[in-house]
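To start, the structure under review is shown below, and the notes come after it.
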Amino acid sequence: MDKEKKAYLEKQAVEVRKCIFRAIGAAGQGHIGGCLSVADLTTALYFHILNVDPENPRMEGRDRVVLSKGHAGPALYATLALKGYFPVEELDTLNQPHTNLPSHCDMTKTPGIDMTAGSLGQGLACAVGIAKAAKMCGGKEYIYAVIGDGESQEGSIWEASMAAAHYKLDNLIVFLDYNKLQIDGPVAEVMSLGDPAEKWKAFGFKVFEADGHNVEAIVDTVAEAKKEQDGRPVMIVLHTVKGKGVSFVEAAGVGNHSMPLSAEQVAAAVAELDGEVK
């Protein structure tokens, strides 16, 4: 990736974070930590990797994204708005009555949402079904799923993983947002995943690891994952920090899973983020 493209993506990631604060700030409270931890991923996907068209959200043969960790809906909304799926001003309606931007994504309401976010653990199974359907229809699109580490304590994640390997869904790329925190505390204390890379290898996945806050590393890892389609689905373990990008959110630790945001905090976050733009 050339320097100009990398700088562009890094700037877009900052804008995504600012829009996350705009949306959650308007709502008054929300899942800011898990949104910030996937902001670089959603940026890399929508501004470089995906074959999508904001002017035609239901384009035949488009790549699909399934956000299984539904708490991060505002991160996806922020990215979609900046990509041009709907006006950025709509972010101010997050979780309000009659909004098209409910707290968790709804494919019947929001342009660009490919699958509604249900209970944690369900999204990966949906992505497996979409990938299987694409294979059956001879499609060339890729299906991307984003799951959480706390979410990976759900048995349905592992049932879906078995199915993905059994059906040889090498058009499925799963990202684990490995920020190591969940609502009740550190993942290692609540229910340890052990070594997630080794677990998904044992389930028949082709596994990669990357810095989830390095857009270039994300792009390069996806490209590497696509080089050989050998029948194995792909897992990319992204090492992330919950609340990444804004110091007071990072410092809140487990408390940033869902936290209130004042207008003053939103302004401080935006100022800090603007200072990060090179």
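The values are calculated or read from the model by the stated rules, or taken from the named source; none is laboratory data. Since the model is a prediction, treat every value here as computed from it, not as a measurement. Virtual Cβ from ideal backbone geometry, glycine too; neighbours counted across all protein chains shown. Note: areas computed on protein heavy atoms with side chains; ligands, DNA, RNA excluded. Shrake-Rupley method; radii C 1.70, N 1.55, O 1.52, S 1.80 Å.
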Highest first, please rank the peptides 194-202, 19-27, 64-72 by the mean number of other Cβ atoms sitting within 10 Å of their residues.
64-72, 19-27, 194-202
Structure shown: which of 5/206; 18/201; 132/201; 11/199; 201/227 lie over 26 Å apart, alpha-carbon to alpha-carbon?
5/206; 18/201; 11/199
Protein accessible area in the stretch 38-104, 1.4 Å probe - carbon and sulfur %:
45
Using only alpha carbon pairs under 8 Å that are at least six residues apart, calculate the relative contact order of the chain and give it in whole percent.
24
For the stretch 48-95, size of Cβ-based charge dipole, Lys and Arg +1, Asp and Glu -1, in debye:
260
Can you find, among 125, 150, 185, the residue farthest towards the positive end of the dipole of the chain? Put +1 on the C-beta of Lys and Arg, -1 on that of Asp and Glu.
125
Among 117-128, 3-14, how do they line up by average Cβ neighbours within 10 Å per residue, starting with the highest?
117-128, 3-14
Protection proxy (average C-beta count within 10 Å per residue), highest first, orders 75-86, 28-39, 130-141 as 28-39, 75-86, 130-141
Charged-residue dipole, Cβ positions (Lys, Arg, Asp, Glu), the chain about Cα centre, Debye nearest 20
540
For the chain, what does the accessible surface come to per residue with a 1.4 Å probe? Please give it in Å².
42
Is the shape of the stretch 174-229 rounded, prolate or oblate, going by the alpha carbon gyration tensor and its root eigenvalues a ≥ b ≥ c, with a/c under 1.5 for rounded and a/b larger than b/c for prolate?
oblate
Let me check the size of the stretch 65-109 from its C-alpha atoms; what are the radius of gyration and Dmax in Å?
9.7, 26
For the chain, find the longest principal axis of its Cα atoms and tell me its angle to the long axis of helix 73-83, 0 to 90°, nearest 10.
90
